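Novice: One structure coming up, written as structure tokens, with questions to follow.
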Amino acid sequence: MQATVAIEEMSEVQKEICKVLRGKGSRENLAEEIADAKIMLEQISQIFNIKASVETWIDYKIAKLERELEKK
């Protein structure tokens, strides 16, 4: 059930991004939807027992982005 809710929350983030880009949404609503999605993704990480792996990937990808930005 939590996986379904996570998918729904991510869909709501997409919808809010589109609204903001069209000038019809609010940044505060977008922030709220992002918060909801992050909470659900954290729950999914715990349910599937992959929290440490997710953190490793986040660290790797942030470091990669930093290296790319330094090149520019």
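The values are calculated or read from the model by the stated rules, or taken from the named source; none is laboratory data. Since this is a predicted model, take the numbers as computed values, not measurements. Because the Cβ atoms are built from the backbone with ideal geometry, glycine has one as well, and the counts that use them run over all protein chains shown. Note: accessible area is taken over every heavy atom of the protein model, side chains too, but ligands, DNA and RNA are not part of it. Shrake-Rupley method; radii C 1.70, N 1.55, O 1.52, S 1.80 Å.
Novice: Could you run through region 31-69 and say how many residues are in a loop (DSSP other than H, G, I, E, B) and either open to solvent by 90 Å² or more (accessible area, probe 1.4 Å) or of a type in the set (D, E, K, R) (or both)? Before the answer, list the steps.
Specialist: Within region 31-69, the subset in a loop (DSSP other than H, G, I, E, B) is 48-50.
After this cut, where a residue has to be either open to solvent by 90 Å² or more (accessible area, probe 1.4 Å) or of a type in the set (D, E, K, R) (or both) as well, the list is 48-49.
Qualifying residue count for the region: 2.
Novice: Could you tell me how many of the residues in region 15-30 are exposed (fewer than 11 other Cβ atoms within 10 Å of the Cβ) and assigned to a helix (DSSP H, G or I)?
Specialist: Summing the residues that are exposed (fewer than 11 other Cβ atoms within 10 Å of the Cβ) and assigned to a helix (DSSP H, G or I) in region 15-30 gives 3.
Novice: Out of Lys71, Lys38, report the one residue that is basic (Lys, Arg) and at pLDDT below 95.
Specialist: Lys71
Novice: Next up: Under 9 Å between Cβ atoms, which residue pairs at least 6 apart in sequence (or on different chains) link something in region 55-72 that is among the charged types (D, E, K, R) with a partner that is at pLDDT 95 or above and open to solvent by less than 100 Å² (accessible area, probe 1.4 Å)?
Specialist: Pairs found: Glu55/Ser45.
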